[in-house]
1. What strands (runs of 3 or more DSSP E) completely inside the range 47-138 contain at least 2 residues that are in contact (Cβ under 8 Å) with a residue 24 or more places away in the chain?
2. Consider the range 113-143. How many of its residues are on the phi < 0 side of the Ramachandran plot, under 43 Å from the mean Cα position of the chain (by Cα) and open to solvent by less than 90 Å² (accessible area, probe 1.4 Å)?
3. Considering only the range 33-46, state which residues are surrounded by 12 or more Cβ atoms within 10 Å (Cβ to Cβ) and in a helix (DSSP H, G or I).
4. Kindly list, by first and then second residue, each pair from a residue in the range 5-16 that is among the hydroxyl-bearing types (S, T, Y) to a residue that is open to solvent by 100 Å² or more (accessible area, probe 1.4 Å) and assigned to a loop (DSSP other than H, G, I, E, B), limited to pairs with Cβ atoms under 6 Å and residues at least 6 apart or on different chains.
5. Quick one: count up the residues across the range 146-160 that are in a loop (DSSP other than H, G, I, E, B) and either surrounded by 12 or more Cβ atoms within 10 Å (Cβ to Cβ) or at pLDDT 85 or above (or both).
Amino acid sequence: MPMPSRDKWAEWRELAAQFREQTRVQFNEWVFACRDEPALIWQTPLVRYITYGAGGLLSILALRFAMLLFVPTNAGEIAPRAVTAHFDVVCTDSDCGRYFKIERKFRFDDFPVRCFFCKKETGHLATHCTSDRCGGRITPTVKTDTGVVCRVCREPVGGG
């Protein structure tokens, strides 16, 4: 006679139901015991391990967040330092008088420069002059012993 077929899944379901019932009974006993003596909560190894694990996880997340505060926002896109600057220039030739920009190394002060328009060496460093006479226009400047002054009104301008 052949062996009757066993349903292994039914056996596992029955074992799981028994385990669930035993666990429920043990948990209820533990809850009642902890109501009588609250110190049992911390003495239970499972509670301690869960607390330690949660505390460790929170400390790792806090440390990671703190480290992210010190990382620049564009860390992957850091460009090299600039070595040149743009200078405002005004041609002082009476026939030209045009405004243009040049790009030179920092601390460039070899003015006058060649004008792009009239091709003469009449391009001088320019800035916004805030005097009443110039009224905020971009005007050429000249270096003197007292500092940088506007060529038009001879008033001192910023930038020394």
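The values are calculated or read from the model by the stated rules, or taken from the named source; none is laboratory data. Quick caveat, the model's predicted, so the values are computed rather than measured. FYI the Cβ positions are ideal-geometry reconstructions off the backbone, even for glycines, and counts take in every protein chain you see. In case anyone asks, the SASA skips ligands and DNA or RNA and just uses the protein heavy atoms, side chains included. Shrake-Rupley method; radii C 1.70, N 1.55, O 1.52, S 1.80 Å.
1. Filter on the range 47-138 gives 84-91, 123-128.
2. 15
3. Listed by number, the residues that qualify are A33, C34, L40, I41.
4. That search, which allows pairs on different chains as well, returns nothing.
5. Residues flagged as in a loop (DSSP other than H, G, I, E, B) and either surrounded by 12 or more Cβ atoms within 10 Å (Cβ to Cβ) or at pLDDT 85 or above (or both) within the range 146-160 amount to 6.
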